[in-house]
Amino acid sequence: MSETIFSRIIRKEIPADFLYEDEHCVAIRDLNPQAPVHILVIPRKLIPQLSKQKVEDKEILGHILSVIPLVAEQEGIGGEYRLVMNDGVKAGQTVFHLHFHILGGRLLQWPPG
Ligand code: AMP
């Protein structure tokens, strides 16, 4: 499984706007925001995509779901955001290091593209 740019960001080898960090995950601002608030929550562990998770990743994944509302609250969109996770090329995944998009700060349309 090969590293992506996110591993380098997590190791602080290349810059990013960090909003949150703990032992399991980081949250950064997306470089190409699709909404006024667009945050990526990324596990430190390289899990390429949700469908490739291992049994032992359960704790990390549960932890991330508990961190997401805290980061949203911190960034002023608590309780008013969309969570997106693209699993695979056909879903629009471009970086194969699992990440959750938190999008908010505007009215979001449905269905998504
Ligand atoms: P996805 O298409 O779901 O794999 O999402 C990848 C996301 O990573 C996109 O929204 C990109 O804008 C974002 N992205 C790519 N490179 C960087 C970077 N260096 N810093 C922050 N966000 C990035």
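Just so it is clear, none of the values below were taken in a lab; they were calculated from the coordinates. Model, not experiment: these values are computed from the prediction. Here the Cβ is made from the backbone with ideal geometry for all residues, glycine too, and neighbour counts use every protein chain on show.
Structural remarks
- Flag for residue 2 being of a type outside the set (D, E, K, R) and in a helix (DSSP H, G or I): no
- Those residues of segment 11-38 which are β-branched (Val, Ile, Thr) and surrounded by 17 or more Cβ atoms within 10 Å (Cβ to Cβ), in sequence order: 26, 28, 37
- Tally, over segment 1-27, of residues that are under 13 Å from residue 96 (Cβ atoms), away from the ligand (no atom under 11 Å from the Cβ) and not hydroxyl-bearing (Ser, Thr, Tyr): 2
- Test: residue 30 is more than 15 Å from the ligand (Cβ to nearest atom) and closer than 23 Å to residue 4 by Cβ: no
- Answer from 95, 41 - the residue that is surrounded by fewer than 16 Cβ atoms within 10 Å (Cβ to Cβ), within 15 Å of the chain's Cα centre (by Cα), within 12 Å of the ligand (Cβ to nearest atom) and closer than 19 Å to residue 10 by Cβ: 95
- Given (1) out of contact with any helix residue (DSSP H, G or I) (no Cβ under 9 Å at 6 or more places or on another chain); (2) surrounded by 13 or more Cβ atoms within 10 Å (Cβ to Cβ), index of the condition residue 50 fails: (1)
Here's the yes/no breakdown for (1) part of a loop (DSSP other than H, G, I, E, B); (2) out of contact with any strand residue (DSSP E or B) (no Cβ under 8 Å at 6 or more places or on another chain); (3) not polar (S, T, N, Q):
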position: 7; (1), (2), (3): no, yes, no
position: 41; (1), (2), (3): no, no, yes
position: 48; (1), (2), (3): yes, yes, yes
position: 78; (1), (2), (3): yes, yes, yes
position: 102; (1), (2), (3): no, no, yes
position: 112; (1), (2), (3): yes, no, yes
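- Residues in segment 50-76 that are basic (Lys, Arg) and either assigned to a helix (DSSP H, G or I) or touching a residue at least 60 places away in the same chain (Cβ under 8 Å) (or both): 52, 58.
- Residue list for segment 9-30, filter: in contact (Cβ under 8 Å) with a residue 12 or more places away in the chain, in a loop (DSSP other than H, G, I, E, B) and not charged (D, E, K, R): 16, 24
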